[in-house]
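Read the structure below first, then the notes.
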C-alpha cells in the first residue's frame, strides 16, 4: 500500500465563497502514481467545508442561501458573545457540512457523477488564506 500527500492553497473571499477544486484534486492524484484506492480531501479549519455539488451559478446561489436559512448570520450565537468575532454562524455551518470527503480512485480516475464536482467552501466572515490536504491511499 502506498500513501501520497499533497496540499492545495487558496485565497478566499469568505462569506460562503465556493470554489470548484476538482481539477486541483486531480492534479495531486495524477502526480502520485497510485491508480486504485481512496482520495481523501480535508480542509484544515473550523469555518471551512468540503462537499460535492453541480458547480453552476444557480446551485451555488441556492446553497449559499440555504446556508443562510439554516444558520443565519444575524441571530444570537454564544460563540460571538465569548469571542466577539461575529462568525458563530460560520462554525455552525462548517460543522453541519464537514471538513472532509473521500472518493474512490479507480484506474487513475476519481469516481464522480457526471455533474458532480468537489467543492471547498470558506464559511468565515472575512477573506482568509486556506490550506487543504489531499491524501491518496492505494496500490
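FRET efficiency for residue 15 and residue 54, Cβ-Cβ distance as r, R0 = 25 Å, nearest 0.05? Rounded to the nearest 0.05, the efficiency is 0.75. Packing, as the average of other Cβ atoms within 10 Å across residues, places the peptides 79-87, 33-41 in the order 33-41, 79-87, highest first.
Per-residue Cβ neighbour counts within 10 Å put 76, 56 in the sequence 76, 56, beginning with the fewest. Packing around the peptides 42-49, 7-14, taken as the average count of other Cβ atoms within 10 Å per residue, puts them in this order, highest first: 42-49, 7-14. Given the choices (i) 15.7; (ii) 15.2; (iii) 17.3, Kirkwood radius over Cα pairs in Å derived from the coordinates of this structure is entry (i). Net length available on complete extension from residue 75 to residue 116 is 11.5 nm, with 0.36 nm assigned per residue and the Cα-Cα distance removed.
All of the numbers you see were taken from the coordinates with simple rules; none came from a lab. Treat the numbers as computed from the prediction; the structure is a model and nothing was measured. Neighbour counts run over all protein chains shown; Cβ positions are idealised from the backbone, glycine included.
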